[in-house]
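Take a look at the structure below.
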Amino acid sequence: MPSLLQTLAHRCRQTRTELDLTQQQLADRVGLKRGYIAMIEGGRANPSLKAVERLAHSLDMQVELVIRPPRVIGSTSVQDA
């Protein structure tokens, strides 16, 4: 199962691209630096709960969905939407 940071990285990057946002646009929405967004999406940052909450809000998601690991069915992981 992926770590919490890996899950956050994947969901953040996936949702940002689905919303057709650049890292800079997301950073502006959240109030963080673009480089920090890149670190979050790369799983190299450990953001505060407040930052995760602002990320979720900026991506029009509930916090629970941003950090919930994918369900595994057999050998396939299924992303919850």
Query - Residues that are over 15 Å from V66 (Cβ atoms) and either surrounded by 13 or more Cβ atoms within 10 Å (Cβ to Cβ) or free of Cβ contacts under 8 Å to residues at least 12 places away in the same chain (or both), drawn from segment 27-41 - result: A27, D28, K33, R34, G35, Y36, A38, M39
Query raised in the report: When both residues are 6+ apart or on different chains and their Cβ atoms are under 9 Å apart, which pairs have a first residue that lies in segment 58-81 and is modelled with pLDDT of 90 or more, and a second that is part of a loop (DSSP other than H, G, I, E, B)?
Result: S58/L21; S58/G31; L59/L19; L59/L21; D60/L19
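Considering Q14, Q6, Q24, which residue is part of a helix (DSSP H, G or I) and free of Cβ contacts under 8 Å to residues at least 24 places away in the same chain?
Values: Q14 fails: free of Cβ contacts under 8 Å to residues at least 24 places away in the same chain; Q6 fails: free of Cβ contacts under 8 Å to residues at least 24 places away in the same chain.
Sole residue among the options that is part of a helix (DSSP H, G or I) and free of Cβ contacts under 8 Å to residues at least 24 places away in the same chain: Q24.
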Requested in this report: Just need a number here: residues in segment 1-22 that are farther than 15 Å from R44 by Cα and not aliphatic (A, V, I, L, M).
Outcome: 7
Requested in this report: Mind counting the residues in segment 45-73 that are more than 11 Å from L8 (Cα to Cα), assigned to a loop (DSSP other than H, G, I, E, B) and either out of contact with any helix residue (DSSP H, G or I) (no Cβ under 8 Å at 6 or more places or on another chain) or open to solvent by 30 Å² or more (accessible area, probe 1.4 Å) (or both)?
Outcome: 4
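Please work out which residue is farthest from the chain's Cα centre (by Cα), limiting yourself to segment 27-44 and to residues that are part of a loop (DSSP other than H, G, I, E, B) and under 19 Å from P2 (Cα atoms). Outline the logic, then answer.
In the first step, residues of segment 27-44 are kept if they are part of a loop (DSSP other than H, G, I, E, B); the result is 31-33, 42-44.
Remaining after also requiring under 19 Å from P2 (Cα atoms): 42-44.
On the way: G42: 10, G43: 9, R44: 12 Å.
The residue in question is R44.
Restricting to segment 9-26, what's the tally of residues that are crowded, with 19+ Cβ neighbours inside 10 Å, under 16 Å from D60 (Cβ atoms) and not β-branched (V, I, T)? Before you say what the answer is, go through the steps one by one.
So the first thing to find is which residues in segment 9-26 are crowded, with 19+ Cβ neighbours inside 10 Å, and the list is 9, 11-12, 15-16, 23, 26.
Then drop every residue that is not under 16 Å from D60 (Cβ atoms), which leaves 11-12, 15-16, 26.
This time we only want the ones that are not β-branched (V, I, T), so: 11-12, 16, 26.
Matching residues across segment 9-26 total 4.
The values are calculated or read from the model by the stated rules, or taken from the named source; none is laboratory data. As the structure is a prediction and not an experimental result, all values here were calculated from the model. Here the Cβ is made from the backbone with ideal geometry for all residues, glycine too, and neighbour counts use every protein chain on show. These area figures cover heavy atoms from the full protein model, side chains too; ligands, DNA and RNA do not enter into them. Shrake-Rupley method; radii C 1.70, N 1.55, O 1.52, S 1.80 Å.
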